[in-house]
Amino acid sequence: MDINSLFFSLLRFGAGLNDSIELPVMNRSLWASVFSMAQKQAVAGIMMDAVNRLQEDAQKPDRDLLMKLISLGIEIEKKNRLVNNEAVKWSGFFREKGYGAILLKGQGVACLYPNPLHRSPGDIDMWVTGNENEIRELAREELGAKDFTYHHIGVHNMEMTELEIHTTPSWMYSYPRNRKLQKMFRTWAGSCREIELPDAGRVCVPSDEMNRVYLLVHIYRHVFSEGIGLRQMTDYAMLLNRGCSDDDKAVFARYMKELNMYGFAGAVMYVMKKVFGLKDECLLVEPDTEKGEKLLVSIMEGGNFGMYDSSIDRTIKKDSAMSFLTRTGRNMKLLKEYPEEVLWSPIFKIWHWIWRKIV
């Protein structure tokens, strides 16, 4: 068993996608490699769950490695409780102002895991529905926001988790495809459901129908920007593992064709099967092996949000001419797989640069 296969097996076990696991003889070096990969992919909490489920002590890592993993797990739990409480607080804040508030990905998706507090948390993404100009003015005047983009407003405060106020959940570079996507989001805005965040309170989250499309679009976006890791792929696997009807799959396939994302969906289904071992009935479209293998290589090399991707120079200032040139050049490597989105990207970025100057 190679190290990737071993890591995938433990990831499935920790996420509750497998009831049992067969491990080779595990020495300190193997465990150290597994833990290093878990940190690189921001799934250390899931790996802790995998270790906790092992029946025999002889299978488990040495005490010092185990204590390091437990320490990481405790920090992840602590951060999750904090972020959960802040997500509930922000949801209430916007509702009191008369707006709809839907918690996107992150803490809402964590509730699909066997242990929601062990998913590595990020910032808070809140889709606030209503008049966009009023929402921007509220963010500027009451929250001191200065970071405005087409789809979200960044609220930065060292005393709290970063908040992203979404005026739309996501976008596409292609103008005609983006129009279709925004129409879908407007339809889904009224179909959210309430869930309970652990140790915090209730919030609204997207329906499964929306998440099947939205989470995939989110992954797609990061492929064209800073890269994507296994944390986001694990989120999607947990969603698909819930299952859906043939009618749901037919609706999803129609959406993918409208967005020209059917090929990318096939690539992700390959990852869902290869990494997470999802059964065919859980897959939404037929896996695309060629595109899927290329996607998986970039995931494993780049790590969480592409932080280990050497082709991305993070010292370059965002929105600069150099950033535009380097990222456009990087995206050109995806021209064969996703030509429409690649060719629209420089047009969108130029328009967006102008838009940010006048908003």
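Quick notes
- Failed condition for Ile195, given (1) over 29 Å from Tyr262 (Cα atoms); (2) under 16 Å from the mean Cα position of the chain (by Cα): (2)
- Residues of the range 87-101 that are open to solvent by 10 Å² or more (accessible area, probe 1.4 Å) and either among the β-branched types (Val, Ile, Thr) or more than 16 Å from Glu132 (Cα to Cα) (or both): Val88, Lys89, Trp90, Gly92, Phe93, Glu96.
- The set of residues in the range 7-58 being more than 27 Å from Lys279 (Cα to Cα) and β-branched (Val, Ile, Thr) consists of Val25 alone.
- In the range 233-308, counting only helices (runs of 4 or more DSSP H) that sit wholly within it, the ones holding 1 or more residues that are under 25 Å from Met37 (Cβ atoms) and of a type in the set (Val, Ile, Thr) span 262-276, 289-302.
- Condition broken by Lys279, with the remaining ones in (1) under 19 Å from Ala15 (Cα atoms); (2) in contact (Cβ under 8 Å) with a residue 12 or more places away in the chain satisfied: (2)
- Filtered by the rule that a residue be under 19 Å from His118 (Cα atoms) and not β-branched (Val, Ile, Thr), the range 187-201 gives Glu196, Leu197, Pro198, Asp199, Ala200, Gly201.
- Within the set Gln55, Gln39, Gln59, the sole residue that is out of contact with any strand residue (DSSP E or B) (no Cβ under 8 Å at 6 or more places or on another chain) and closer than 14 Å to Phe7 by Cβ turns out to be Gln39.
- Listing of helices (runs of 4 or more DSSP H) fully contained in the range 1-120 that carry 1 or more residues being among the β-branched types (Val, Ile, Thr) and over 19 Å from the mean Cα position of the chain (by Cα): 3-14, 28-40, 44-53, 63-96
- Pairs, first closer than 14 Å to Gly229 by Cα in the range 29-57, second open to solvent by less than 50 Å² (accessible area, probe 1.4 Å) and charged (D, E, K, R), C-beta under 7 Å, six or more apart: Gln41/Arg231; Ala42/Arg231; Val43/Arg231
- Tyr150 meets each of the listed conditions (1) open to solvent by 80 Å² or more (accessible area, probe 1.4 Å); (2) under 22 Å from the mean Cα position of the chain (by Cα); (3) not acidic (Asp, Glu) apart from (1).
- Selection of the range 263-286 for residues being among the aromatic types (Phe, Trp, Tyr) and over 13 Å from Tyr220 (Cα atoms) yields Tyr270, Phe276.
- Residue tally, condition aromatic (Phe, Trp, Tyr), in a helix (DSSP H, G or I) and open to solvent by 20 Å² or more (accessible area, probe 1.4 Å), over the range 170-205: 1
- Residues located in the range 333-347, provided they are in contact (Cβ under 8 Å) with a residue 40 or more places away in the chain, part of a helix (DSSP H, G or I) and of a type outside the set (Ser, Thr, Tyr): Leu334, Glu340, Glu341, Val342, Trp344, Ile347
- Consider the range 46-81 and keep the residues that are buried (at least 16 other Cβ atoms within 10 Å of the Cβ) and of a type in the set (Val, Ile, Thr). The one that is nearest to Arg28 (Cα to Cα) is Val51.
- Here is the figure for the range 212-229: residues that are modelled with pLDDT under 95, part of a helix (DSSP H, G or I) and under 17 Å from Val43 (Cβ atoms) total 1.
- Residue within the range 284-291 that is open to solvent by less than 30 Å² (accessible area, probe 1.4 Å) and either within 18 Å of Ser5 (Cα to Cα) or of a type in the set (Val, Ile, Thr) (or both) present: yes
The values are calculated or read from the model by the stated rules, or taken from the named source; none is laboratory data. What you see is a predicted model; the values in this text were computed from it and never measured. Cβ sites come from the backbone with ideal geometry, for glycine too, and all protein chains shown count toward neighbours. Side chains are part of the model used for accessible areas, which takes the heavy atoms of the whole protein and leaves out ligands, DNA and RNA. Shrake-Rupley method; radii C 1.70, N 1.55, O 1.52, S 1.80 Å.
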